[in-house]
Amino acid sequence: MRARSIGLVLCVLCSASTVRAQVRVHPTGVNVNVQSATTVFLTYGGLAGYVPAESFWCGELMPATPAIGLQCDPATLFGSLPARYDLSRSSGTGGFTDIMSIPPSVARRAYQAAAAGAASDFFYVRRFQSVSGGPDQYVAVTCRLTGGGARVPFALTNVDVRFDVQTPVLFVRPGTTPPRLTAEIAFNGTGTLRGRWEVVLPGEAPPEDFDLITEGTLPAELRGTQRRFTEIERFNVFLPPTGRFTLAGPDPSRLPATIEGGYMILLRVEATDDKEGDTDLGSVGAGSGVLHTGAVAGFPMPVLRYFVGAGSSELTAALSRLEVRLTAPLDEAEAPPDEPIRFSWEPDPRAALYRLEVQSSPGTTLAEALLPAGTTAYVAPVWLAERADARPVRWRIHVIDATGSSVARSDWRALRWRTGG
């Protein structure tokens, strides 16, 4: 006899007093993504005298006698909740919040079992232990295999926040504008992604993992207790059931870069309505009303760091190659030693000044010139070759903005002096 029939018989035979004493859960059944991770917000109630214990996924259930309820059939175990994904916590009076994060490996095993002829649903079972010597209780949630579309609870399964230009450590000169940033988001279901971008300023205590959890992952009494930081910009976008979305970051001009030190950009996601995943607190005796759990996530949101100061990063060279282009002379060009040399470059819209730098091969500066915005060429004096003692030189252009900071520069170009006729 299959577990579903066994469960029906047991429920018919059990007394009303036992039913009232049982730990309850909502929702009791959910759709899950067969191809990827799935995260679901579960609320348990009726825990008076009980504490939560371990939990497992399995393909079949069996009577838990002498305990109460149905437990996993050991022959059909798919896995247990990884410790790093355990965000469960007590909630309200006699309540318990469990963030069921199903790893892709468990979904894959469930799919393989279904492909071999088993039922297309499986179970998440948590054990509750009595603190007074009473029988244990097992509470099961049915997980139905589907795609990751609109009928799956709206949950974030992966978030990657990055600047448009990749660099291990991003340094920004004081008064300059950091590059643009985006958040690559993988998700299940469909719903409204609503929240805000915040920044942690130098000297402020950094956020803890609790502060970085999405609001939809927290029980009702903890919402609104996370630390708030300086808000930069808000967002409110609807995500169709496509599974992936690129969220544009805040306007870079709004990112602070005046005080030297380390900054942290935070992605703060607020809870939204989601009928596929919302939990009814009243149905399990853990409160009243419906708790919205849209945009639940089984992990803290990542942070993005940048530093304001005199340091340098790979970003500097990348911007130089991409945005400051020299036109003449060409690299390794030969010039007559008795004629002026004309250096030229393409204009840069950020420039308030250009600085031309000419060095000898050992790195000694031979000549410098500050030129106003709009200038795209400079004719060096004839004595440059003499000062270089006829040895090869190298030259480049710096772009200086209105604050006096160098925001970009070109690559070095080599210049040689023509010899003979």
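Of all positions in region 164-177, at least one carries a residue that is over 21 Å from Pro63 (Cα atoms), part of a strand (DSSP E or B) and either aromatic (Phe, Trp, Tyr) or at pLDDT 95 or above (or both). Ile259 meets the conditions (1) touching a Phe, Trp or Tyr at 6+ places or on another chain (Cβ under 9 Å); (2) open to solvent by 10 Å² or more (accessible area, probe 1.4 Å); (3) at negative phi in every case but one. The failed one is (1). Within the bounds of region 227-243, is there any residue that is in a strand (DSSP E or B), more than 21 Å from Val159 (Cα to Cα) and out of contact with any Gly (no Cβ under 6 Å at 6 or more places or on another chain)? Yes, there is a match, as at least one residue in region 227-243 is in a strand (DSSP E or B), more than 21 Å from Val159 (Cα to Cα) and out of contact with any Gly (no Cβ under 6 Å at 6 or more places or on another chain).
How many residues are under 20 Å from Ala351 (Cβ atoms) and in contact with a helix residue (DSSP H, G or I) (Cβ under 9 Å, 6 or more places away or on another chain) if we restrict to region 370-397?
Within region 370-397, the first condition is being under 20 Å from Ala351 (Cβ atoms), and the residues that meet it are 370-380, 395-397.
Adding the requirement that they be in contact with a helix residue (DSSP H, G or I) (Cβ under 9 Å, 6 or more places away or on another chain) leaves 396.
The qualifying residues number 1.
Cβ separations smaller than 8 Å between residues 6+ apart or across chains give the following pairs from region 366-393 residues that are under 16 Å from Pro329 (Cβ atoms) and open to solvent by 60 Å² or more (accessible area, probe 1.4 Å) to residues that are modelled with pLDDT of 90 or more and among the aromatic types (Phe, Trp, Tyr): Tyr378/Phe343; Val379/Phe343. Considered as a group, the residues in region 41-62 that are within 31 Å of the chain's Cα centre (by Cα) and either among the β-branched types (Val, Ile, Thr) or open to solvent by 50 Å² or more (accessible area, probe 1.4 Å) (or both) include one that is nearest to Ile213 (Cα to Cα), and that residue is Thr43.
Give Arg227, Arg244 a once-over and let me know the one that is more than 16 Å from the chain's Cα centre (by Cα) and surrounded by fewer than 17 Cβ atoms within 10 Å (Cβ to Cβ). If you could, list the steps in order and put the result at the bottom.
Details: Arg244 fails: more than 16 Å from the chain's Cα centre (by Cα).
So the residue among Arg227, Arg244 that is more than 16 Å from the chain's Cα centre (by Cα) and surrounded by fewer than 17 Cβ atoms within 10 Å (Cβ to Cβ) is Arg227.
You will find that of Thr97, Thr93, Thr65, the residue that is farther than 25 Å from Gly289 by Cα, of a type in the set (Val, Ile, Thr) and either open to solvent by 50 Å² or more (accessible area, probe 1.4 Å) or at pLDDT below 95 (or both) is Thr65 and no other. List the residue pairs whose Cβ atoms are under 7 Å apart, where the first residue sits in region 283-312 and is in contact (Cβ under 8 Å) with a residue 24 or more places away in the chain, the second is part of a helix (DSSP H, G or I) and loosely packed, with under 15 Cβ neighbours inside 10 Å, and the two are 6 or more positions apart or on different chains. Short answer, once both residue conditions are applied: Pro300/Asp209.
For the criterion of being touching a Leu at 6+ places or on another chain (Cβ under 9 Å), surrounded by fewer than 18 Cβ atoms within 10 Å (Cβ to Cβ) and touching a residue at least 60 places away in the same chain (Cβ under 8 Å), Thr177 passes. Scanning region 108-142 for residues that are surrounded by 23 or more Cβ atoms within 10 Å (Cβ to Cβ) and either of a type in the set (Val, Ile, Thr) or outside any strand (DSSP E or B) (or both) yields a total of 2.
The values are calculated or read from the model by the stated rules, or taken from the named source; none is laboratory data. Keep in mind the model is a prediction, meaning the values are calculated, not measured. Here Cβ is always computed from backbone atoms with ideal geometry, including for glycine, and neighbour counts include all displayed protein chains. Surface areas here come from the heavy atoms of the whole protein model, side chains and all, with no ligands, DNA or RNA. Shrake-Rupley method; radii C 1.70, N 1.55, O 1.52, S 1.80 Å.
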